[in-house]
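Notes follow the structure.
The values are calculated or read from the model by the stated rules, or taken from the named source; none is laboratory data. All values reported here derive from a predicted model rather than from experimental measurement. Every residue, glycine as well, gets a Cβ built from its backbone with ideal geometry; the counts of neighbours run over all protein chains shown. When the accessible area is computed, the model is the full protein with side chains, heavy atoms only, and any ligands, DNA or RNA have been set aside. Shrake-Rupley method; radii C 1.70, N 1.55, O 1.52, S 1.80 Å.
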There are 2 protein chains.
Amino acid sequence: MPRFFIDQPPDNGVAAVVGDDARHIARSLRMAVGENITVCHGGVVYECAIESVGGELVTARVVEARPDDSEPPCRVTLYVAEPKAGKLDLIVQKATELGAARIVPFLSERCVSRPDRDSSDKRLRRLSKIALEAAKQCGRGAVPEICGQMGFAAAVKDAARADVSVFAYEKESSVTLKDAIAGKLAVGASVSVMTGPEGGFSPEEAAAAEDAGVMACSLGRRILRCETAPLYILSAIGYEAEL
Amino acid sequence: MPRFFIDQPPDNGVAAVVGDDARHIARSLRMAVGENITVCHGGVVYECAIESVGGELVTARVVEARPDDSEPPCRVTLYVAEPKAGKLDLIVQKATELGAARIVPFLSERCVSRPDRDSSDKRLRRLSKIALEAAKQCGRGAVPEICGQMGFAAAVKDAARADVSVFAYEKESSVTLKDAIAGKLAVGASVSVMTGPEGGFSPEEAAAAEDAGVMACSLGRRILRCETAPLYILSAIGYEAEL
């Protein structure tokens, strides 16, 4: 069933879908009065029946409301070093499907791509839209927040605040991802995951992250690409915590 | 270090790199006599020093030979329902990084994309090349085998032969991936993973797979895209078995 995120909770049992989503319902989906849609707001999922269809506003009566149960038990923030052009789109889409609550791009020493500040608003809008579309499609109850770019030091400081915080480091040979997360992903826990750019983290960055309390871990025997590493870790967290 | 797969084992301590790889060493990498390359053959990794560079043949003396230790402890075959155009390239690249030993595209009821037989040789070569390049880049000791397209029944029959065999089914609500694989991934075990097309498996297909002994499992609370599901499962298997 089509799923939409709305900015305001239903009022007197009627949900209002506006803007692009209303146009999508009216023109692309060509839905009619009486057909069903799902709307999400504030951690609640509302099953609704359409009452009116207009190009700017669709209203729908709430038939059933239930707490969302599609969100992961842990709140995972993904800190992803700026990858080469285009890869961040893929990472945001897949990280949304895999349950990330928040995605923070950051700059590190070996980043080849260094998006300028001028384009940052436009980019943020594009990435937020990718996250929104992915959240609708995979049936999530919330859309991950996409944050503006941070510097490395700020990202580490932010990451270190979580209950469990790890970074992927190809030179780490003793601590595995399982060592770092197994048995630690309690319901409600906050988890920080940091992954590096194409060339990985420098030894100085790795030392700074460890000093701040972010744990270096190995992702196994092969070197994963910078866009594959976050998907591997989010999958492992999902497997470990959700099932 | 640049890594190459060679067709013949080193002869009298000298490895021969030919064809595209030789041209790549000579022209793109512009490597010289004395520089080091890694070559792989038959599960052995050879660290070598270049002895001669030509556009069609590069020879290199073996300095050290060791058994490859980058291959996963389980032998995983991924059976992937034909997805829409382009997605199979991504799946093959990522599945190679994530350790799949063999990748088998198959046709199922709801496949939107149905590549014709005429293009199959060309496609097989392209996918094999993607797997080869990904294997070089991530430092694997073997290149996954890409098989020709199978029908659904043949894929199920083949999958069911493994020690552990699962398929991702969105209507499965009780058996999780963890239920299906945890504690069962012994060293040397063969594992089959089947994932569906954009619209998932039909109930009839799911019943047929289960009858054959391939276990239906849920991938959690969200609906993963057809290209995300195999990467999630391969990551979970890697996390469960490797670390």
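A simple spin-label model places pseudo-atoms 7 Å from Cα toward Cβ; at A:E35 and B:E204 they are separated by 2.8 nm.
Counting Lys and Arg as +1 and Asp and Glu as -1 over every other residue whose Cβ lies under 10 Å from the Cβ of B:A134, the net charge comes to +4. Rolling a 1.4 Å probe over the protein heavy atoms of the stretch A:75-242, with every protein chain left in place, gives an accessible area that is 51 percent carbon and sulfur. Per-atom-type breakdown for the stretch A:3-67 gives carbon and sulfur 49% of the accessible area (1.4 Å probe, protein chains only). Considering only B:V191, B:P203, B:A153, and ranking their Cα positions along the charge dipole of the stretch B:132-204 that arises from unit charges at the beta-carbon of Lys, Arg, Asp and Glu, the one farthest toward the positive end is B:V191. Working ranking of peptides B:72-84, B:209-221 by packing, defined as the average number of other Cβ atoms within 10 Å per residue, highest first, is B:72-84, B:209-221.
Taking other residues whose beta carbon is less than 14 angstrom from the beta carbon of B:C217, and scoring Lys, Arg as +1 and Asp, Glu as -1, yields -2.
Per residue of B:230-241, other chain Cβ atoms within 10 Å of the residue Cβ number 6 on average.
Adding -39500 (n - 2.57) for every DSSP H run of four residues or longer, then dividing by how many residues the protein assembly as shown holds, sets the calculated 222 nm ellipticity at -9000 deg cm²/dmol.
Think of the stretch A:75-242 as having a plus end and a minus end, set by charges on the Cβ of Lys, Arg, Asp and Glu; of A:T176, A:V214, A:G141, A:G141 sits farthest toward the positive end of this dipole. Accessible surface computed residue by residue for the stretch B:3-67, with neighbouring protein chains in place and a 1.4 Å probe, gives 53 Å² per residue. Beta bridges assigned by DSSP with both partners in chain A are antiparallel in approximately 45 percent of cases. When B:A186 is represented by a point 7 angstrom out along its Cα-to-C-beta vector, the spacings to that point in the other copies are 3.7 nm, nearest first. Within the protein assembly as shown, antiparallel bridges make up roughly 45 percent of the DSSP beta bridges whose residues both belong there. Ranked by the mean number of other Cβ atoms within 10 Å per residue, highest first, peptides B:166-178, B:193-205 order as B:193-205, B:166-178. Computed packing ranks the peptides A:97-105, A:2-10, A:230-238, B:154-162 as A:230-238, A:97-105, B:154-162, A:2-10, most packed first, by mean other Cβ atoms within 10 Å. Near the amide H of A:L219, within less than 5 Å, lie the amide hydrogens of A:Y169, all on another chain or at least 5 residues away, with H placed in the peptide plane.
Counts of other chain beta carbons within 10 angstrom of each beta carbon in peptide A:215-221 average 5. In summary, the aspartates and glutamates within cross-link reach of B:K94, defined as a Cα separation below 12 angstrom excluding same-chain residues under 8 places away, comprise A:E227, B:E133, B:E227. Diffusion coefficient (Stokes-Einstein, Kirkwood radius over C-alpha pairs, 4 °C, 1.567 mPa s) for the stretch A:75-242: 82 µm²/s, rounded to a whole number. Buried accessible surface for the B/A chain pair comes to about 3500 Å², total over both chains, computed with a 1.4 Å probe. Working from Cα pairs under 8 Å separated by at least six residues, relative contact order for the stretch A:75-242 is 32 percent. Distance from the axis that maps chain B onto chain A is least for the Cβ of the chain B residue given, with the whole Å value, as B:S235, 2. Taking 30 Å as the limit for the C-alpha separation, the pairs A:K136/B:K87; A:K178/B:K122; A:K84/A:K171; A:K184/B:K84; A:K84/B:K84 exceed it in the case of A:K178/B:K122; A:K184/B:K84. Counting from the shortest, the label point at B:N36, 7 Å from Cα toward Cβ, is 6.3 nm from the same position in each remaining copy. All C-alpha pair distances within the stretch A:169-229, sorted into 10 Å bins from zero, spread as 20, 54, 25, 2 percent across the bins. Solvent-free Debye calculation, one equal scatterer per alpha-carbon of the stretch B:3-67: log10 I(q)/I(0) at 0.15 Å⁻¹ equals -0.36.
Shielding of peptide B:23-31 by partners, expressed as the average count of other chain Cβ atoms within 10 Å per residue Cβ, is 0. Take B:D121, move 7 Å from Cα toward the beta carbon, and the resulting point lies 5.7 nm from the same point in each other copy, nearest first. Working note: Cα gyration tensor of the protein assembly as shown, eigenvalues times five, square-rooted, sorted largest first, giving semi-axes of 41, 28, 21 Å.
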